[in-house]
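A.B. asks: Have a look at this one.
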Amino acid sequence: MKKLTLVVIALCMTSSVYATKVTAVKTNIAEEGFQLYVATEIVKQLGYAVEVTNDVGYEVAYKEIASNYQSPDVYFMASNWDPLHNAKLKGAGGSEKLVQLGEYISGCAQGYLIDKKTADKYGIKYINDLKKPEIAKLFDSNGDGKADLAGCGAGWGCEKVIEHQLTAFGLRDTVTHNQGEYSAIIADTIARYKNGKPVLYYTWTPYWVSGKLVPGKDVVFLQVTHSAHPIVKSTKLSNGADYGFAVNSQRIVANASIIQYKDLTKLFELIKLDVNDVSGENMLMSKGENKEADIKRHAHVWVKANQAKIDGWIKDAKAAK
């Protein structure tokens, strides 16, 4: 009996190192829900139970994941912008508490854009050109003589880059960085464009805006005369162009204890979601399919269409275990 009891205790101790559940931390940016639900469905196919949190801001998300770095359960977020969020990662505890995995979504671009008609008429190519009052005034929407930039939401990370560049390029006296609810600000920007007025805005991919205002057709990206970024030394691309922002990858970030689960770790290193698929889903949201049930349905449709690929990821993940 004593020997049997010891065996049972040993088995219980062994089983305790395996995750009883996985928690997917959902950000409060609605357009990032699709990628989270895709990842969640794939994790379930690997055999894990998954719970999804309520919507939270990035700061809360990173802190929640980091606070569970020694938990036997796994906590993850599917929208770790690398390198844009590197400071947030470090502030939450760095590599001791958080693990970045894979390149879930690659080629996430950002930048400043203006309408093509105004760019062509006045020969505007650089954000630095707005240092000239007569150029900045073209994008003035409230009569104060300064260009109105539809900017980045507070806490997203991109707002720090914009604020840094307004100073670095001497634009404080000629450009106003308008922040707030981005969806409302960009809706107003699109309305101005449709009314034939010049527009100046910041946006990123994957997102639906570039499907409404198409770069090269309706609008153009502005470049910078030289790199000036608070996180990376150079934002210049291999073709010599410089749009002022580093091209990001969205990665999976999880609490450090995930390394105990080699199958789940391997899965997060393998899964890929095309940036254009995300933009396409975001476009459906902009057309009214934006309820939680819609977003979950979009994810289910993507998973069903890509099941053969997913089967390969699951197979390789199980082999790693």
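A.B. asks: Looking only at segment 231-247, how many residues end up being small (Gly, Ala, Ser) and in a strand (DSSP E or B)?
C.D. replies: Matching residues across segment 231-247 total 0.
A.B. asks: Identify all residues within segment 83-116 that are of a type in the set (D, E, K, R) and under 26 Å from Val175 (Cβ atoms); write none if there are none.
C.D. replies: Within segment 83-116, Lys88, Asp115, Lys116 meet the criteria.
A.B. asks: Taking Val175 as meeting all but one of (1) touching a residue at least 60 places away in the same chain (Cβ under 8 Å); (2) among the β-branched types (Val, Ile, Thr); (3) over 20 Å from Ser279 (Cβ atoms), write down the number of the exception.
C.D. replies: (1)
A.B. asks: Just need a number here: residues in segment 1-44 that are of a type in the set (Ser, Thr, Tyr), at pLDDT 50 or above and assigned to a helix (DSSP H, G or I).
C.D. replies: Residues that pass the stated criteria total 2.
A.B. asks: Within segment 258-268, identify whether any single residue is surrounded by 16 or more Cβ atoms within 10 Å (Cβ to Cβ) and either without any contact (Cβ under 8 Å) to a residue 40 or more places away in the chain or within 18 Å of the chain's Cα centre (by Cα) (or both), and answer yes or no.
C.D. replies: yes
A.B. asks: Follow-up. If I ask for residues that are more than 30 Å from Ala308 (Cβ to Cβ) and surrounded by 16 or more Cβ atoms within 10 Å (Cβ to Cβ), which ones from segment 42-59 would you list?
C.D. replies: Thr53, Asp55, Val56, Tyr58
A.B. asks: Residues that are among the small types (Gly, Ala, Ser) and not assigned by TED's automatic domain parsing to the domain that holds Pro83: find the strands (runs of 3 or more DSSP E) completely inside segment 126-227 holding 2 or more of those.
C.D. replies: Answer list for segment 126-227: 147-150.
A.B. asks: Within segment 270-286, work out how many residues are surrounded by 18 or more Cβ atoms within 10 Å (Cβ to Cβ) and farther than 19 Å from Ala30 by Cβ.
C.D. replies: Result for segment 270-286: 2.
The values are calculated or read from the model by the stated rules, or taken from the named source; none is laboratory data. Since the structure is predicted, the reported quantities are computational estimates derived from the model, not experimental observations. Backbone-built Cβ (ideal geometry, glycine too); neighbour counts: all protein chains shown.
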